[in-house]
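Notes to accompany the following structure.
Just so it is clear, none of the values below were taken in a lab; they were calculated from the coordinates. Since the structure is predicted, the reported quantities are computational estimates derived from the model, not experimental observations. Cβ: placed from backbone, ideal geometry, glycine included. Neighbour counts: every protein chain shown.
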Amino acid sequence: MNKQEIAEMLRNAVLTQTPITQVSRNEKVFSLTDAKEVQAMGLQLALEAGEALCGYKMGLTSKAKQKDVNVFEPIQGYLLRSFEIPKAGVVKMNTRIHPRVEPEVAVVLKKDLRGPGVTLRDVVNALEGIYPALEIVDSRYENFIFKLEDVVADNTSASGFMVGRVNLLAELNSLNLMGILVRKNGRIVETGAPAAVLGDPLLSVMYLANSLAEESKSIPAGVVVLTGGITQSVSFEMGDRIEVEWPQEVLSFTAE
Ligand code: OOG
Ligand code: MG
């Protein structure tokens, strides 16, 4: 299969909710560079179908997430407008395969960040806001099993996200140690703190800006940046109620 065909197969898996075999299992040679190209082709297909780009995401930036999927390198992907779930909304099961939820820190910038050479200081100076968030990941691969190249080609399993309303910028100094709970049907299933993400989730933004620079791209002001799951992701089924609780705000949804 050529890269365009792989991109189409992955998009088809999204549209038909039918999981596929890992690309790396079928292709003799499938490099990380190939995978990045497939991801870019997938974005192009989405844009041609009328979707809109609304942000970027980092993934596998915490030990918990890396162990979760057995891939030990940070990855990046894109967010589409259609991924956004309104606060206290519903997450549709019939448009997904085997979704999981994870608590994240979302960042919005007030000015473009263009690498190379972006520092943590540059990120702090460019901040418009820091928001409690959650991401829905939904691997297009059977049994949620993949290698680094597979998950990059699959736009890092991106499927949905919710961003809170409370801007934590004024609490930047205590952000890293804020306690976060994930509840499923009222029961606590995960606990964590933003420090789990590279020691500081703002480093995730720095990394993204410098990595986008390799493709001569910047992080534009105003877009959503997800910095990566803080805890292991939590699977959920039809009828489950999920709450991600921060000291300042609770994000919740029901799977329908
Ligand atoms: C890969 C996506 C990782 C994160 O926040 O670490 C990710 C996956 O878990 O399927 O979004
Ligand atoms: Mg994530």
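Sorting Val71, Val166 by the number of Cβ atoms found within 10 Å of their own Cβ, with the fewest placed first, yields Val166, Val71.
What you get for the chain, charging only the Cβ of Lys and Arg (+1) and of Asp and Glu (-1), is a dipole of about 240 debye around the Cα centre. For the chain, a Gaussian network of Cα nodes joined below 10 Å ranks Ala106, Ala170, Ala35 by mean-square fluctuation, and the top entry is Ala170.
Summing charges over neighbours of Val71, with a neighbour being any other residue whose Cβ is under 13 Å away from its Cβ, gives -1 when K and R count +1 and D and E count -1. One compactness figure for the range 108-256 is 1.09, namely its Cα radius of gyration divided by 2.2 N^0.38 Å.
By the equivalent-ellipsoid construction on the alpha carbon gyration tensor, the chain comes out with semi-axes of 26, 23, 16 Å, ordered largest to smallest.
With each label modelled as a point 7 angstrom along the Cα→C-beta vector, the Leu53-Glu84 pair spans 1.7 nm. Using every pair of separate Cα atoms, the Kirkwood estimate puts the hydrodynamic radius of the range 40-187 at 16.9 angstrom. For Glu128, neighbours were defined as the other residues whose beta-carbon sits under 13 Å from its Cβ, and their charges (Lys and Arg +1, Asp and Glu -1) total +1. Computed extension gain for Asn2 through Ile188, at 0.36 nm per residue and net of the alpha carbon distance, reaches 62.5 nm. Within the set of other residues whose C-beta is less than 12 Å from the C-beta of Gly160, count the net charge using Lys and Arg as +1 and Asp and Glu as -1. Taking every Cβ under 12 Å from that of Gly160, the sum is 0.
In this label model, Ser174 and Gln248 are separated by 1.0 nm, measuring between points 7 Å along each Cα→Cβ vector.
With R₀ set to 35 Å, the beta-carbon distance separating Asp122 from Ile145 gives a calculated FRET efficiency near 0.40.
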